[in-house]
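Presented below is the structure to which this report refers.
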Amino acid sequence: MKTISTQLITAALACSAVLYLVVGCSQTPSAPPKEVTVQADDKMRYDVTAFEVSPGQKVVVTFKNIGTTPKFSMGHNFVLLDRSITSANIQSAFLDKASTEAAHDYVPPGAKEVLAHSKLLGPAETEVVTFNAPYVPGEYLYVCSFPGHYSQGTKGIMTVKQ
């Protein structure tokens, strides 16, 4: 009788431990995707210059060129940069090399500082860019890397907040 009782207690403890592991280690519900629409125009401006996300949150940016000037002279892109790129160092750390990459939509291939980007868009073109926000809180620049556009105001900040 004592052996059966000990086995039942042991089985109950084992089941409790398994249940605790399953429930206790499950992931917390993730935030719904952050959906943002960013438009660029012939005035070299983004209409959305700031938005906030949670660490690791899925982000869906619908990027639109609402200008009318041809792509070869006024194309726009959306380039999200690592937080190591700031307004103080962006020219030398990213834009100088991006300006020579017309064949790659002004985004240097393999650039580690680029977290996400669109292709270069002409008038009335749209692209959806999907990525996961970084886990490190802070400010992340997003820019148009077409030569001269950043300095005219085609830029914004994505803030990762805890």
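Key figures
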{"read-out": "Theoretical gain in end-to-end length, E35 to I66 [0.36 nm per residue, Cα-Cα removed]", "value": "9.3 nm"}
{"read-out": "Sequence-distant aspartates and glutamates (8 or more away, or on other chains) whose Cα lies within less than 18 Å of K34", "value": "D47, E52, E127, E139"}
{"read-out": "Difference of contour (0.36 nm per residue) and Cα-Cα distance, K119 to T100", "value": "5.3 nm"}
{"read-out": "Rough spin-label spacing in nm, given labels placed 7 Å along Cα→Cβ, for Q91 and E52", "value": "3.2 nm"}
{"read-out": "Stretch gain in nm, segment Q152-K43, where the contour uses 0.36 nm per residue and the Cα spacing is subtracted", "value": "38.4 nm"}
{"read-out": "Of K58/K112; K71/K161; K97/K161; K119/K161, pairs whose Cα-Cα distance is over 23 Å", "value": "K71/K161; K97/K161; K119/K161"}
{"read-out": "Distance histogram in 5 Å bins (all Cα pairs of segment 34-160, percent per bin)", "value": "2, 12, 24, 26, 21, 12, 3, 0"}
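Read the figures in this text as sums done on the coordinates, not as results from a lab. Here the structure is a predicted model, which means the values were calculated and not measured. All Cβ positions, glycine included, derive from the backbone under ideal geometry; neighbour counts span all protein chains shown.
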